[in-house]
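Below you'll find the structure, written out as structure tokens, and then a few comments.
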Amino acid sequence: MLRFFALKFWLSLPEKSIRFIAINDNVDSEREDDNSLAPFRNLFNEWYARDCSKKIKAVKHAKGNAGLPMTSNVPYGYLKGQNYPQTHEWMVDEEAAAIIRRLFHDYVSGKSMTEIARELKMRKSEPLQPTSSVLV
């Protein structure tokens, strides 16, 4: 269906006095000899993009099923383990974990995310310290 609209679009350009130039494909709609393969190039480019997308999805799916990390950056609250390239193991960053526990405790106790954000903004200059009652 999309290919039909792309072809219809390409064929409607001269009717609307629109000049189409594709530098990478060396296409200029004013030159008659260039226009014959342009819709097919568009189709092949679309197929290539879809094929790449399918391959990337397959790799991500395989990594997820194998239990490998899906990101190159470790989330806040974790550190890369000593043998990370081999084991892909994350370690808990205790300093950050204490802060995360405090934020979670504040949220569970009824504070809104906006209130928590305001508190964090007010404490920007001073380090956020966990309270003893929050540590579990």
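Accessible area of residue 114 (1.4 Å probe, protein heavy atoms only, ligands and nucleic acids ignored): about 80 Å². Computed from backbone phi with θ = phi - 60° and the Karplus coefficients 6.51, -1.76 and 1.60, the 3J(HN,Hα) list for the range 106-111 is 4, 5, 5, 6, x, 6 Hz; x is used for glycine and proline.
Scan the range 49-126 for trypsin sites (Lys or Arg not before Pro) in coil per DSSP, keeping those whose Cβ has at most 13 other Cβ atoms within 10 Å, and list them by number. Please report the intermediate quantities before stating the final value.
Working: sites: 50, 54, 55, 57, 60, 63, 80, 101, 102, 111, 118, 121, 123, 124; in loops: 111, 123, 124.
Those that pass, being in a loop and sparsely packed, are 123, 124.
Near the amide H of residue 78, within less than 5 Å, lie the amide hydrogens of 93, all on another chain or at least 5 residues away, with H placed in the peptide plane. Accessible surface comparison of 122, 91, probe 1.4 Å, protein chains only, largest first: the order is 122, 91. Oblate is the label for the range 37-123. Its Cα gyration tensor axes, ordered a ≥ b ≥ c, give a/c of at least 1.5 and b/c at or above a/b. A probe of 1.4 angstrom, applied to the heavy atoms of all protein chains, finds residue 68 with accessible area near 70 square angstrom. Applied to the range 83-100, the Karplus parametrisation 6.51 cos²θ - 1.76 cosθ + 1.60 on θ = phi - 60° returns per-residue 3J(HN,Hα) values of 10, 4, x, 8, 9, 6, 9, 9, 10, 6, 8, 4, 5, 5, 4, 5, 5, 4 Hz, with x for Gly and Pro.
Around residue 116, what is the net charge, scoring Lys/Arg as +1 and Asp/Glu as -1 over all other residues with Cβ under 12 Å from its Cβ?
On the way: positive: 102, 111, 118, 121, 123; negative: 106, 115, 119.
Every neighbour counted, the sum reads +2.
Among the listed pairs 55/124; 57/124; 8/63; 80/121, which have their C-alpha atoms separated by more than 32 angstrom in this model? Before the final figure, lay out the partial values.
Working: 55/124 44 Å; 57/124 40 Å; 8/63 41 Å; 80/121 28 Å.
From the list (55/124; 57/124; 8/63; 80/121), the Cα-Cα distance tops 32 Å for 55/124; 57/124; 8/63.
Within the assembled protein chains, the solvent-accessible surface assigned to residue 90 is about 90 Å², based on a 1.4 Å probe.
The values are calculated or read from the model by the stated rules, or taken from the named source; none is laboratory data. Keep in mind it's a predicted model, so treat the numbers as computed, not measured. Counting neighbours? That spans all protein chains shown, and the Cβs are built from the backbone with ideal geometry, glycine included. Keep in mind that these areas ignore ligands, DNA and RNA; they rest on the heavy atoms of the full protein, side chains included. Shrake-Rupley method; radii C 1.70, N 1.55, O 1.52, S 1.80 Å.
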